[in-house]
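Novice: Before I ask anything, here is the structure I am working with.
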Amino acid sequence: MLTATSFTFNPLQENTYVVHNETGECCIIDPGCYFGNERNELKEYIQTSGLTPKYLLNTHCHLDHVFGNKFIHDTWGLTLHLHEKEIPVLDQGPAFGLSWGLPFDNYKGDLIFLREGDTIPLGNDAFRVLFTPGHSPGHIAFYCQAQQFVLGGDVLFLEGIGRTDLPGGNFDTLIASIRNQLFILPEDTVVFPGHGPQTTIGYEKKHNPFLK
């Protein structure tokens with residue numbers, strides 16, 4: 001069984017997730033910890049919970065989702081997993097950070113590329129990689145079929161969708177990703193988004209004004 005714990009970090013109020021199983025193995029998804037107290041909070045949670053980080057995963061590489069990549073790598077020696085099409089977004093992060101008044105040290109280690117349909121095992125559990133571009137060119141989501149939840153990044157929100165006005169964004173592509181990748185999942189699938197509260201696929205089918 002997997003347990004997802006969320007932390008809301010940085011001035012953009014991004015959701016960082018730690019997902020662990022009963023053996024204590026965990027993955028860290030979109031670490032947005034920017035300030036020192038945020039990094040300490042994440043580290044203390046992992047240590048006091050007796051967790052062993054196994055994966056560093058990015059749904060996409062907008063700056064608010066990658067502020068903590070280097071910290072995670074330096075602390076636990078994890079290699080960043082992402083979609084290959086997110087490399088330009090990752091590389092542009094520091095420049096965007098400066099323009100937003102949020103300078104940061106970017107991750108510069110090795111990269112492991114994920115593709116649609118890949119499986120990420122965590123003990124006896126697993127995530128399947130869904131390719132969900134539109135908010136960014138190489139956006140992916142992580143779906144746990146056994147427990148029916150998806151870590152969706154900035155694709156689908158509670159009665160909202162990801163913005164498409166940033167470089168590499170495309171509205172029609174985003175809507176197609178939601179309809180073809182997320183809305184085919186069971187309606188009681190829980191969506192853990194990159195911002196804001198969780199929702200479900202069924203609720204968004206009925207109530208999301210962008211997808212009527």
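Novice: State which residue pairs qualify: first residue over 19 Å from Pro133 (Cα atoms) and at pLDDT 95 or above and inside region 78-99, second residue surrounded by fewer than 17 Cβ atoms within 10 Å (Cβ to Cβ) and of a type in the set (Asp, Glu) in any location, beta carbons under 7 Å apart, and separation of 6 or more residues or different chains.
Specialist: As it stands, the answer is Thr79/Asp110, since those pairs meet every condition given.
Novice: Within region 143-172, can you find the residues that are open to solvent by 50 Å² or more (accessible area, probe 1.4 Å), within 20 Å of Phe96 (Cα to Cα) and among the polar types (S, T, N, Q)?
Specialist: Hit for region 143-172 is Asn170, nothing else.
Novice: Among the residues of region 7-54, which ones are of a type in the set (Lys, Arg) and either free of Cβ contacts under 8 Å to residues at least 12 places away in the same chain or part of a helix (DSSP H, G or I) (or both)?
Specialist: Arg39, Lys43, listed by residue number.
Novice: Step by step: first the residues of region 47-76, then only those that are of a type in the set (A, V, I, L, M) and touching a Cys at 6+ places or on another chain (Cβ under 7 Å), then the one that is farthest from Ile29 (Cα to Cα). Which residue is that?
Specialist: Ranking the qualifying residues of region 47-76, first place goes to Leu51.
Novice: Could you please let me know if Gly152 is out of contact with any strand residue (DSSP E or B) (no Cβ under 6 Å at 6 or more places or on another chain) and either under 23 Å from Leu90 (Cβ atoms) or at pLDDT 95 or above (or both)?
Specialist: no
Novice: Now, a different point. Look at region 173-195 and say how many of its residues are loosely packed, with under 14 Cβ neighbours inside 10 Å and either polar (S, T, N, Q) or in contact (Cβ under 8 Å) with a residue 12 or more places away in the chain (or both).
Specialist: Number satisfying all stated conditions: 5.
Novice: Among the candidates Gly196, Gly168, Gly123, single out the residue that is of a type in the set (Gly, Ala, Ser) and modelled with pLDDT of 95 or more.
Specialist: Gly196
For every residue, the table says whether it meets (1) surrounded by 20 or more Cβ atoms within 10 Å (Cβ to Cβ); (2) of a type in the set (Phe, Trp, Tyr); (3) within 20 Å of Thr189 (Cβ to Cβ); (4) at pLDDT below 95.
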position: Met1; (1), (2), (3), (4): no, no, yes, yes
position: Thr16; (1), (2), (3), (4): yes, no, no, no
position: Val19; (1), (2), (3), (4): yes, no, yes, no
position: Cys26; (1), (2), (3), (4): yes, no, no, no
position: Tyr34; (1), (2), (3), (4): yes, yes, no, no
position: Thr48; (1), (2), (3), (4): no, no, no, no
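Novice: Now for a different question. Residues in region 70-81: is at least one part of a loop (DSSP other than H, G, I, E, B) and within 29 Å of Ile175 (Cβ to Cβ)?
Specialist: Within region 70-81, not a single residue is part of a loop (DSSP other than H, G, I, E, B) and within 29 Å of Ile175 (Cβ to Cβ).
The values are calculated or read from the model by the stated rules, or taken from the named source; none is laboratory data. Values in this document were obtained by computation on a predicted structure and should not be read as measured data. Note that we place each Cβ from the backbone using ideal geometry, even for glycine, and neighbour counts take in every protein chain shown. Heavy atoms of the whole protein, side chains included, go into the accessibility calculation; ligands, DNA and RNA do not. Shrake-Rupley method; radii C 1.70, N 1.55, O 1.52, S 1.80 Å.
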